Amino acid sequence: MDPKISLIGCTGSIGRQTLDVADNLGLPVEALAANNNVKLMAEQARRFKPKFAAMGSEETAKELRLLLRDMELEIGWGAEGLARAAAWPTADCLVTAVSGSVGLKPTLAAIDAKKRIAIANKETLVCAGSIVTARAKASGAVLVPVDSEHSAIFQCMSGRDRSELRKILLTGSGGPFRGRKRAELAGVTPQQAVSHPNWSMGAKISVDSSTLMNKGLEFIEAMHLFAVRPEDIQVVIHPQSLIHSMVELVDGTVIAQMGCADMRMPIQYALTYPRRLPGRSEALDFWKMRDLSFEAPDLENFPCLRLAMDCARAGGLKACVMSAANEAAVHLFLRGALGYNRIYDCVQAAVDRFDGNAGDIDAVIEADAAAREFVRLNYGKN
C-alpha cells in the first residue's frame, strides 16, 4: 500500500526532492509545512493539493491564504501548525526535512501519533536521541533514515542481527576544503562554503559539510539510530561520494551501499521501505567510474568533527549544546557576522560553558536555548 505523506520543510532542498519522488510514485501528500517561502509553498499546494498547510508565522500564513483563496485548504502557522502537519491524521508517513532543532517537537508529535518517520532532520537525534528513540519504541513508531549515510547503513544491516555488527564505517566526501590547512581557511566566504563538490544541499548543511561538523552530527545520529557506542563507528573520507557508508561484520566481511550522489534515492527508500520501486535516479556506470579512494579525516585542521566525537563520548547535554551553538554560529557566518574559523571557536566555547543531563525534553529545550543565547551575546557582534 502506498503511503500518504506529510512533509515539514517542503520548500527546502530535501523537501523539494521529496515532492519530486512523491510525484514520480504518485504518492498522496496530505500536509505540508514551510517557514517563509510563501510563493513556493503556494505552487506546491496547488500541485499536490494537501489537506493542511502550515507556515512559520501568522503573517506568512495570511499571505498564503490570499494566494490560495480559491482552494479549500486549512492553513496553520508557527510551532502548533508544524506539529499539526507532522501528526496529520490521514498521513501514514512524516518526512522531517526541516533544518535545526525546530524539528524536535513535530517529530515527537508524529511519534506519539504512531507514524512512520522518514527522518532527515539530524539535529533531532543529536539533541535528544535517547529520548526520541525510547519514545518511538514505546509508541511503535518506526524511524527510517533519509540521510544518505544512515540510509546506507540501514540497508546494509537489513535482515541482519545487531550481534553480527563489528563496526560502522561512516563515509564522507571531506567537503570543498579537503586537504586545506586551517590557517588557509580564515578568509572563506559563505559563497565558497556552500559550494559542495558532489551534493546539492541547503546553505546550513553545506557549511556544516565544509567544516566536517555535518559528519560529526551524523556520527552522533548513527549512535542513536543503530544503538552503537562511539567506538563502534569509524569515519572514513571518501571523496567520490559513491559509497555512502559501509558496515564491517564480525567475520571481517565489509558490506557497502553504493549509488550516485542523488538524495532522491534514500528519500524514496525511506518512503517505500521495505519495497523498492523504479525511481528517477541514474544508475552507476562502472565502466566509466574512476578510482575509489579512502583516507582518514583530518581532525587537526577540521576540529569540528573531533569536537562532535568528544561530545558523543561525554553524553549528557553536550551534543545538544554543540548542535545549537553550531546552528547559531553558522547563521552568523552566513550573514557575514562571524569568520569561518570562528565557527569552531564559538561552538567549543559553548560546549565548555554548559553541562547537564538530558533527562527530559524540557532540559534539552532549555540547553538548546541557552547555547543559542550564549552565541548571540558573545559572538553576535564579532
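Each value in this text was obtained by applying a stated rule to the coordinates, not by laboratory testing. Just so we're clear, the structure is a prediction, and the values are computed from it rather than from any experiment. Here the Cβ is made from the backbone with ideal geometry for all residues, glycine too, and neighbour counts use every protein chain on show.
Numbers below:
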| read-out | value |
| --- | --- |
| Cross-link table Lys167/Lys318; Lys105/Lys215; Lys105/Lys137, entries beyond 20 Å C-alpha to C-alpha | Lys167/Lys318; Lys105/Lys215 |
| Alpha carbon convex hull of the stretch 271-321, projected area averaged over orientations, nm² | 7.7 nm² |
| 3J(HN,Hα) from dihedral phi, the stretch 202-218, Karplus parametrisation 6.51/-1.76/1.60, rounded to Hz, x for glycine, proline | x, 5, 5, 5, 5, 5, 4, 5, 5, 8, 6, 5, 4, 5, x, 4, 5 |
| For a label point 7 Å along the Cα-to-beta-carbon line of Asp70, residues of the stretch 4-43 with backbone N under 14 Å | 43 |
| At q = 0.12, 0.17, 0.21 Å⁻¹, base-10 log of I(q)/I(0) for the stretch 100-211 (Debye sum, equal scatterers on each alpha carbon) | -0.57, -0.96, -1.17 |
| Where chymotrypsin sites (Phe, Trp or Tyr not before Pro) fall in DSSP loop in the stretch 179-287, at most 13 other Cβ within 10 Å | Phe286, Trp287 |
| 5 angstrom amide H check on Trp77, placed H, neighbours 5+ away | Met55 |
| Pair Ala283, Ala369: separation of 7 Å Cα→Cβ label points (nm) | 5.4 nm |
| Quotient of Cα Rg and 2.2 N^0.38 Å for the chain, N being how many residues it contains | 0.95 |
| The stretch 315-382: mean projected area of Cα convex hull, nm² | 4.0 nm² |
| Value of [θ]222 nm, deg cm²/dmol, for the chain, DSSP H segments ≥ 4, -39500 (n - 2.57) each, nearest 500 | -14000 deg cm²/dmol |
| Relative contact order (percent, whole number), the chain, Cα cutoff 8 Å, 6+ residue spacing | 15 percent |
| Whole-number D in µm²/s for the stretch 5-146 (Stokes-Einstein; Kirkwood sum over Cα pairs; 20 °C, 1.002 mPa s) | 146 µm²/s |
| Residues Arg264, Arg376 arranged by fewest to most Cβ contacts within 10 Å | Arg376, Arg264 |
| Under 23 Å from Lys49, Cα to Cα: lysines that are on another chain or at least 8 residues apart | Lys4, Lys39, Lys62, Lys115 |
| Cys residues of the chain counted as unpaired, since no other Cys beta-carbon is under 4.7 Å | Cys10, Cys93, Cys156, Cys260, Cys304, Cys311, Cys346 |
| Inter-centroid distance (Cα atoms) of the stretch 34-66 relative to the stretch 174-248, Å | 32 Å |
| Net charge of neighbours whose Cβ lies under 12 Å from the Cβ of Glu300, counting Lys and Arg as +1 and Asp and Glu as -1 | +3 |
